[in-house]
Amino acid sequence: MFLVIGSNMTEAHPVASTFLKNAVFNGAQLIVFDPRKHKLCDIATLHLPLKVGSDIALLNALMHVLISEDIYDHKFVEFCTVGFDELKAKVMNYPPERVADICGIDAGIIRDTARRLAAVKPVMVCYTLGITEHTCGRNNVLSVANLQMLLGNMGLECGGVNPLRGQNNVQGACDMGALPNVFPGYQSVTDAAIREKFAQAWGVNDLPEQPGLMIPQMLEGLVTRQVRGFYIFGENLANTEPDIRKVEHELASAEFIVCQDIFETETTRFAHVVFPAAAWSENDGTFTSSERRVNRVRTASAPPGLAKPNWWIFKQIAQRMGHDWPSDSAQEIWDNEVSVLAPSYMGIKYTRLENNGLQWPCPNEDHPGTCYLHQNGEFTCGLGRFNAVDWTPPAEVPDGEYPLVLSTGRRLYHYHTRTQTGRCQGLNDLLGEETADISLQDASAMGIEQGEKIRVKSRRGEVTVKARVTPEVQPGMVWMAFHFRENCSNWLTNPAFDPVTLTAEYKACAVRIEKL
Amino acid sequence: MAMVKMTIDGRDVAAPEGSTILQAAKSVGIRIPTLCYHERLKPIGSCGLCIVEVDGSATPVAACETPVRDGMEVVTSSDRLFCMRQEVLKSILVHHPLDCPICDKAGECLLQDLVYEHGVTGVEAPAPSAKFRNGYATAFLRSWPERCVLCFRCVAACTEIQGHFALSTVEGPDGSPLVAYDESKCVSCGECIQLCPTGALVEKKSERRWRNWEVEQKVRTTCPYCGVGCQQLLHVKNGRIVKVSGVEGAEPNQGRLCVKGRYGFDFIYSEERLKTPLIRENGRFREASFDEALDLVAGRFKKIIAESGSDAIAGVSCARSINEDSYQMQKLFRAVIGTNNIDHCART
Ligand code: SF4
Ligand code: SF4
Ligand code: SF4
Ligand code: FES
């Protein structure tokens, strides 16, 4: 059985969705929790169209039923977890009848769903940004894990909690330590022994021990001049961050910005220096997919003009700042540095990646890689910990002035800000402009026709965009993507962040629509 | 698993119960000609090319669909079978246009290969007929309904594998089956093209751009878009990618791709690519050499560090680029600049 939460897989992870569909056609059950009736709902056993941002309430209610009807996995909970009593105390405050109002799902359906989940094992949970892009994103993730531990679905093939990662190499960028608190392989910067190890390997006396800034803090630092030099590699922040006007103000205030990219973007407009980089098929290297699989990337053609591999550019800057780095190819970087310094990759070398790649952890060169984590209920921190969490509403909820909730995401035919897909022949023919997806009910109440241009307005900005009237969207909701600059959803989104992860609440803000 | 004992062309073969004659033959290296069969699909059984003789019986059976049985005696090649296969091919060619000279599939067309192998000549093709109820063309693919051999691999690809149900089998006016296409359900994933054995489905991006044997190299790589990590083959001619296909049998995608993975490659050849470093001067960009731009950046960073400390510099890495690039950037920030102010869009 599959439980898909906040994940429009057929558009955002199309090929993964085909395997899920195959399983459903072969008899697997599929339960979908999503405010939108997206394509997977057509084949789902059950679709719970919860209100935007009510996930924790629903999950807690499900756990309420599992515990009060005593249908959870006692053995797993007893032997593999800690914190059950706190969890129990917490979820007892979430009877389905109370939660029904919060999430717009009938109490009977919540009970029925809990019973179905308890009746089948394993259940695999897949989630995407519908879970994380909330001010309670971290708690959403914890809550999903709570449910799976209570059901005893951890450490099983086809079980577990499976985030589908958005970008091809967002997993890899995390693994490589492009994060303010960890070195490659999630080794903490606050650990003196780890710092010592990296300092030796990198030939320096010491390394900084204070965790650094996260993106929203960096952007704010540009205005206060806490950050004077800002290096943006390959990201189009001026379109992808919430509240474009705020972001552009921050970028415009910067003292010195370096951009490294393959195209001029809305962001490079703010740069003082731009480096031209080699793209995807002009590089040798590796990507790491959602399933922790390290795959090879190979060169098919040379980069245009003077464009250079990114690793080469960083190496040149290091050299001009007094550091000579020995590795002189992606393979040398991987084989001689990454896989030596990060224990989970020690067994991964380029020679072993010829065909299907390897899934980390892979601690030595005889290790076959690891398909799924937490086998036999073993967690990295010993026992699995229940983290009881409360539901909190989105930072901005609809009111009289802005009565609708805007949720955002991506569509099949484009990728993010279209710097790439917008330049591929054909894709613009399949999707040439943004739309605001609205429900039949709201459209008819406002007299909006299919394809009519409307104005969508939030406290931060407004865009003019065609209405797409569709049964996918529930009343009270507007749904948009961020592929087109002119009416990008990020003119509207709310720069409110999860307090721990600083992930922005792209999935919920208040808007109103107006006829032109 | 229980095994059954049988003979194929006089050789003793042990095959798992429930497997087909075709699979059993393949396991011992005996090739049976096939047209509609594809490893990733359930047997379709539409072409009749894989016929074999079983226990000397007069009516041959389709090897792709027939399960093995204990004591079975199978013959895969005989004069009689050869003639019957020739007849099957002739009955296809009668309705098939002689498009080979301008067909994109020429050179890797299964029909061509089988006709060649069976030495079928002198077939008159009075009237090539359309085998599609409605032809189709999207921004990326186009059908050539006369070239179709009605194997129905495309229908299975679209329904069984991709689950889009844009293609189906319908009854034609004379009662024989046709392929029908529902544009509203098609998402241009191209799975039907990848599995079509003939030139009945072609890709617009590469249509009549090259002959198959001119492809110099097929480079295996990983898709640059979402986190699934699909494995692709880049078909390269004159140093340019001309087409992308899914790698059959590869993890995790087993040959499948989506519209972006299959057709979203040509951005790398855009005229708008950045080709030289740029330096802002008096509010405008001017082109610069790498040396000049690198010196400028290193100099500015050193100055900022000297005046305000290492933490006055921050960087954002790229979640689309290779691991080695992100590694190198965090190393630059930590070991050279001396700050942990390095992040990327990890949580979005
Ligand atoms: S491109 Fe994909 S969706 Fe369209 S007909 Fe072919 S297999 Fe079906
Ligand atoms: S279009 Fe190709 S795959 Fe489909 S039935 Fe015709 S020959 Fe077979
Ligand atoms: S082919 Fe499609 S599903 Fe596969 S990695 Fe690329 S974008 Fe994702
Ligand atoms: S391959 Fe067996 S009938 Fe076509």
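Computed from the coordinates by the stated procedures, all read-outs in this text should not be read as laboratory data. Because the structure is a prediction, the values reported are computed rather than measured. Neighbour counts are summed over all protein chains in view; Cβ atoms, including those assigned to glycine, are modelled from backbone coordinates with ideal geometry.
Numerical summary
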| item | result |
| --- | --- |
| C-alpha center-to-center spacing [region B:253-289, region B:98-131] in angstrom | 41 |
| Assigned charges on the beta-carbon of Lys, Arg, Asp, Glu; region B:278-344 dipole about Cα centre (debye) | 120 |
| Sorted largest first, extent of region B:28-112 alpha carbons per principal axis (Å) | 48, 28, 21 |
| Alpha carbon convex hull of chain A, volume per residue in cubic angstrom | 167 |
| Normalised contact order of chain A, rounded percent, pairs of Cα under 8 Å and 6 or more residues apart | 16 |
| Inter-label distance for B:Arg211 and A:Ala199, nm, one decimal - labels placed 7 Å from Cα along Cα-to-Cβ | 6.6 |
| Residues in region B:308-348 that a label on A:Gln210 would reach, taking backbone N under 14 Å of a point 7 Å out along Cα→Cβ | B:308-314, B:338-342 |
| Tail beyond 14 Å, pair distance distribution of region B:213-265 (Cα, percent) | 46 |
| GNM result for chain B, Cα springs below 10 Å: residue of B:Ala62, B:Ala312, B:Ala139 fluctuating most strongly | B:Ala312 |
| Region A:419-458 and region A:242-288: distance between their alpha carbon centers, rounded to Å | 27 |
| Spacing of the two label points (7 Å from each Cα toward its C-beta) at B:Glu307 and B:Arg80, in nm | 9.4 |
| Summed side-chain charge close to A:Ser339 - residues other than A:Ser339 whose Cβ falls under 12 Å, Lys, Arg +1, Asp, Glu -1 | -4 |
| Dimensionless Rg over Rh [region A:404-515; C-alpha; Kirkwood] | 0.98 |
| FRET efficiency, B:Asp70 to B:Ser91 (Cβ-Cβ, R0 41 Å, nearest 0.05) | 0.75 |
| Average silhouette area of chain B, convex hull of alpha-carbon atoms, in square nanometres | 25.8 |
| Equivalent ellipsoid semi-axes - Cα gyration tensor, the protein assembly as shown, angstrom | 47, 34, 29 |
| Of B:Asp79, B:Asp182, B:Asp55, the one that fluctuates the most in a GNM where chain B has Cα springs shorter than 10 Å | B:Asp79 |
| Rh (Kirkwood; distinct C-alpha pairs) - region B:145-259, Å | 15.4 |
| Helix axis angle, B:79-93 relative to chain B longest principal axis, alpha carbon, degrees | 60 |
| Equivalent-ellipsoid semi-axes of region B:209-299, from the Cα gyration tensor, Å, largest first | 36, 17, 12 |
| Where labels lie 7 Å past Cα in the beta-carbon direction, separation of A:Thr392 and A:Val340 in nm | 4.4 |
| Computed FRET value (nearest 0.05) for B:Ala2 with A:Ala107, which takes r as the C-beta separation and R₀ as 35 Å | 0.10 |
| Among B:Cys186, B:Cys154, B:Cys196, residue whose mean-square fluctuation peaks in a GNM of chain B (springs only between Cα atoms under 10 Å) | B:Cys186 |
